[in-house]
Structure formats: C-alpha cells, structure tokens
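Worksheet for the structure shown next.
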Amino acid sequence: MSFVNKKGKTTSTRLMTIRQQVSDVFCYGRIVTTVTKAKETQRHVDRVITLAKKGTLDAIRRINAKILPTKNFDTQALTKKILEIGKQYEKRNGGYTRVLKLGTRRGDRTEEAILELV
C-alpha cells in the first residue's frame with residue numbers, strides 16, 4: 001500500500017508532507033525518504049522548477065503556495081533560491097530530479113530512496 005492512498009491519512013496531512021519535502025529538496029539539494037514519497041514529491045518538485053523557469057509574478061505566487069519555511073530559509077529566501085535554480089535549468093526540457101533507490105530500512109523493511117536535483 002502506498003503512502004498516498006494509506007487509510008487514516010487525510011488530504012491535508014498528505015499535502016503538508018509533500019510541501020515540506022519539496023521545500024527540503026530545494027533547501028538541501030537532496031533528501032532521503034521512502035520510494036513512494038520520493039516519487040510523489042518528484043512530480044511536485046518538477047512542476048515548481050517549471051514555474052521558476054517562467055519567473056512571472058503569477059509563477060512566483062504559485063511557488064509560494066507550494067513551499068514551507070525550513071530550518072535554514074524562510075519562504076522569501078527559499079523562493080529566491082528556487083528562482084536561481086530555475087535559471088540553471090533554463091535549457092533543460094524536464095527531468096530536473098532523480099530518485100535513487102537505497103534498499104530497505106532496517107526498522108520496518110520499507111524501501112528507501114534519495115530524491116535529488118540533477
């Protein structure tokens with residue numbers, strides 16, 4: 001059973017988890033998480049980078065709706081960092097992230113993966 005469709009998870013809980021992971025990917029460059037969470041978060045990270053490539057006011061507002069503050073950055077500083085990352089991927093047509101499988105976690109045998117920016 002995947003994380004996305006698990007019983008007892010409300011939509012708001014699922015979306016907050018994804019938003020926090022999207023913010024962490026941009027803050028740290030990579031995160032270690034489960035495979036299902038990584039694949040779901042990958043979709044959202046790629047969409048945010050596509051918005052950052054546009055760089056319009058509407059795109060910036062939509063980026064701010066997708067991110068949360070982290071330990072190192074508030075939302076304004078993180079938005080500036082995302083816009084800089086968007087400039088780096090200006091000539092790339094997609095595939096901004098990759099998921100590398102690590103194997104199983106020792107405690108509960110869940111498949112772990114690294115989600116990182118390419």
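Computed values, structure above
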{"item": "Share of carbon and sulfur in the accessible heavy-atom surface of the range 36-118 [1.4 Å probe, %]", "result": "47"}
{"item": "Cross-link pairs beyond the 27 Å C-alpha cut-off, checked among LYS9/LYS54; LYS7/LYS66; LYS9/LYS66; LYS39/LYS87; LYS7/LYS53", "result": "LYS9/LYS54; LYS7/LYS53"}
{"item": "Net charge contributed by nearby residues that have their C-beta within less than 12 Å of GLU84 (K/R +1, D/E -1)", "result": "+3"}
{"item": "Calculated [θ] (222 nm, deg cm²/dmol) that DSSP helices of n ≥ 4 give over the chain, each run adding -39,500 (n - 2.57)", "result": "-17500 deg cm²/dmol"}
{"item": "Per residue solvent-accessible surface (Å²) - the chain, probe of 1.4 Å", "result": "62"}
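The values are calculated or read from the model by the stated rules, or taken from the named source; none is laboratory data. Predicted, not measured: the structure shown is a model, and the values here were computed from it. Please note: Cβ atoms are built from the backbone with ideal geometry, for glycine as well, and neighbour counts cover all protein chains shown. Just the protein is used for accessible areas: all its heavy atoms, side chains included, with ligands, DNA and RNA removed. Shrake-Rupley method; radii C 1.70, N 1.55, O 1.52, S 1.80 Å.
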